[in-house]
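Since the structure comes first, as structure tokens, the remarks are kept for the end.
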Amino acid sequence: SGGRYTAGTTPGTFRVIATSGTLADTSTVTVTTAAVPSLRVSPDTANLTPAGTVQLAVSGTWTDGVSRPVTGTTWSTTGGTVSTAGLFTAGSQDGTWPVTATAGGLTAQALVTVATPPPSLTGIMVTPVSATLVPGTSQGFTVTGLWTNGGSGTPAVTWTATGGTVSATGI
């Protein structure tokens with residue numbers, strides 16, 4: 001009633017009409033979509049192992065202050081691959097890699113850290129497999145670890161024995 005016009009959510013050209021009795025006049029109002037002044041990639045950081053994946057999404061903070069998804073985004077990266085839908089797949093090289101989203105001339109980045117986990121112990125082997133001793137004599141034993149990376153090495157172990165004693169060093 002006071003002549004204040006509030007734009008709706010639909011873009012287009014509209015008329016504002018004032019009437020007084022038989023007299024009328026109009027004004028034209030063009031409603032446009034809000035522009036995107038900034039982009040944000042979510043999550044903005046991720047930690048993966050080689051060949052791991054993370055789904056990234058881009059949103060824009062529009063001139064009306066509302067955060068909304070953005071269409072027409074292109075993605076780029078090094079240290080892995082990123083799909084047109086923002087799915088990042090880590091490569092085999094450890095490092096921290098930027099993943100860039102570009103839309104409407106604006107860019108935003110996420111940083112993905114790729115790290116190979118340290119090998120974990122999958123089994124142990126005691127040598128010798130068996131020993132025959134006379135009372136009061138001793139035998140040294142060693143242990144070798146089997147690791148997820150295919151390697152071997154000496155893991156930390158606790159030695160125990162039945163029917164005799166064994167030292168902390170396997171004797």
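The values are calculated or read from the model by the stated rules, or taken from the named source; none is laboratory data. If you're wondering where the values come from, they're calculated on a predicted model, not measured in any experiment. Note that each Cβ is placed from the backbone with ideal geometry, even for glycine, and that neighbours are counted across all protein chains shown. Protein only, heavy atoms only, side chains kept; ligands, DNA and RNA dropped before computing areas. Shrake-Rupley method; radii C 1.70, N 1.55, O 1.52, S 1.80 Å.
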Item to complete: Pairs only if they're at least six apart or on different chains, beta carbon under 8 angstrom, first in the range 124-135 and at pLDDT below 95 and open to solvent by 90 Å² or more (accessible area, probe 1.4 Å), second of a type in the set (Val, Ile, Thr) and not in a loop (DSSP other than H, G, I, E, B); list them, first residue then second.
Response: ILE124/VAL143; ILE124/THR144; MET125/VAL143; MET125/THR144
Item to complete: Test TRP97 against the criterion of being open to solvent by less than 80 Å² (accessible area, probe 1.4 Å), at pLDDT 90 or above and either closer than 30 Å to PRO118 by Cβ or more than 18 Å from the chain's Cα centre (by Cα) (or both), and give yes or no.
Response: yes
Practice prompt. State whether one or more residues within the range 48-64 are of a type outside the set (S, T, N, Q), farther than 23 Å from THR33 by Cβ and open to solvent by 50 Å² or more (accessible area, probe 1.4 Å).
Written response: yes
Response to the item:
By residue number, the members of the range 142-158 that are open to solvent by 60 Å² or more (accessible area, probe 1.4 Å) and either assigned to a loop (DSSP other than H, G, I, E, B) or within 14 Å of PRO118 (Cα to Cα) (or both) are LEU146, TRP147, THR148, ASN149, GLY150, SER152, THR154, ALA156, THR158
Response to the item:
The lone condition GLY163 fails out of (1) surrounded by fewer than 11 Cβ atoms within 10 Å (Cβ to Cβ); (2) over 32 Å from the mean Cα position of the chain (by Cα); (3) modelled with pLDDT of 90 or more is (3)
Worksheet item: Hey, THR81 hits all of (1) assigned to a loop (DSSP other than H, G, I, E, B); (2) more than 30 Å from THR10 (Cβ to Cβ); (3) open to solvent by 80 Å² or more (accessible area, probe 1.4 Å) but one; which does it fall short on?
Response: (1)
Worksheet item: Quick one: which of THR96, THR102 is part of a strand (DSSP E or B) and in contact with a Leu (Cβ under 7 Å, 6 or more places away or on another chain)?
Response: THR96
